[in-house]
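I have placed the structure first, in the form of structure tokens, so that the comments after it can refer back to it.
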Amino acid sequence: MPLRLRPLLLAACTLWPAMAGAHPHIFVDTGLTFVTDDAGRLTGVEVLWSYDELYSLLILEDMSLDADYDGVLTEAEQAQLQGFDMQWMEGYAGDLYLSVDGTPVKLGPPQPLSTRMDGPHIETRHFRPLAEGPLALNGAALTAKAYDPTFYTAYDLTRPLSAGAGCAVAVTKVDLDAATAQMNAALDGRPAETDDFPEVGEAFADTIRLTCAEAS
């Protein structure tokens, strides 16, 4: 990790209480791979999360990793970091929501795949199987959104989005002006630093549309 980040860490620790009321706190570059079986049915989603530089630095510091700040972890440090973000509380949806014609498609627990350093960023991958087994879309569209309802974490679809053979992925970008207006209306005069921040995360989420050819 570059030496220039040492003063950044000191500044972050100093400013952390002041930052606590701001939204969002964490920025995650996100990629999704919609996995299908040989019959063209959706079996789950592989999720890539690349955490922002500051949050990655704070995680390493909190776990006492990369003491020399060179961005290279030892084998023991790498093992310690593995799965650091897979300790989900009961009821946590993984900030990924799927639906078909407005009906939610449930996802199962995460299956960790990898954790690594990508320069100054911690990058992790995990797989979310469909809870009720493979789903044949048969020409219907599946909608997916990656968001934190509380908007504590912002997920940006800056990494690749892909799907199996016979399927296509399209993204509709969110109208940020409309989302901001919705957030301001939800705050209704309350300061953004309020402990009771409204659940406006979905309003800021891009919409992913997955379509697959009908099975022959």
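The values are calculated or read from the model by the stated rules, or taken from the named source; none is laboratory data. All values derive from a computational prediction rather than experimental measurement. Cβ placement follows ideal geometry from the backbone for every residue including glycine, while neighbour counts extend to all protein chains displayed. Note: accessible area is taken over every heavy atom of the protein model, side chains too, but ligands, DNA and RNA are not part of it. Shrake-Rupley method; radii C 1.70, N 1.55, O 1.52, S 1.80 Å.
When Arg209, Arg128, Arg190, Arg116 are compared by accessible surface with a 1.4 Å probe, the order from highest to lowest is Arg209, Arg116, Arg190, Arg128.
Choose one of Met63, Val45, Val28: the residue whose Cα lies farthest towards the positive end of the charge dipole of region 20-96 (beta-carbon charges +1 Lys, Arg; -1 Asp, Glu; about the Cα centre). The one lying farthest along the dipole's positive direction is Val45. Using a cutoff of 8 angstrom between alpha carbon atoms and counting only pairs six or more residues apart, the relative contact order for region 27-183 works out to 34 percent. Within the listed set Thr172, Thr36, Thr115, the Gaussian network model of the chain (springs between alpha-carbon atoms below 10 Å) gives the highest mean-square fluctuation for Thr172. Rounded to the nearest 500, the helix-only mean residue ellipticity at 222 nm of the chain stands at -6000 deg cm²/dmol, with each DSSP H run of n ≥ 4 adding -39,500 (n - 2.57). As a ratio to 2.2 N^0.38 Å, the alpha-carbon radius of gyration for region 69-180 is 1.27. When the accessible area of the chain is computed with all protein chains present and a 1.4 Å probe, what percentage of it is carbon and sulfur? Within the chain, the accessible surface is 53 percent carbon and sulfur.
Above 15 Å, the calculated P(r) of region 87-127 contains 57 percent of its Cα-Cα pairs.
If the chain linking Asp118 and Ala93 were pulled fully straight, counting 0.36 nm for each residue of separation and taking away their Cα-Cα distance, it would gain 6.4 nm. Normalised by the number of residues in region 77-137, the average gap of Cα pairs under 8 Å and 6 or more apart makes the relative contact order 29 percent. In degrees between 0 and 90, to the nearest 10, how far off the longest principal axis of the chain does helix 53-62 point, with axes built from Cα atoms? So the inclination is approximately 70 degrees. Diagonalising the gyration tensor over the Cα atoms of region 132-197 and scaling each eigenvalue by 5 before taking the square root yields semi-axes of 33, 13, 12 Å, largest first. Compared with the direct C-alpha span, the chain from Phe84 to Met63 gains 6.6 nm at full extension, assuming 0.36 nm per residue.
Accessible area per residue for region 82-216 is 56 Å², calculated with a 1.4 Å probe on protein heavy atoms, without ligands, DNA or RNA. Here the peptides 99-111, 144-156 are ranked by packing, the mean other Cβ count within 10 Å, and the order with the highest first is 144-156, 99-111.
Put a dot 7 Å past the Cα of Thr180, heading toward its Cβ, do the same for Tyr152, and the two dots end up 2.5 nm apart.
If the segment from Thr143 to Ala131 were pulled out straight at 0.36 nm per residue, it would be longer than the present Cα-Cα gap by 2.7 nm.
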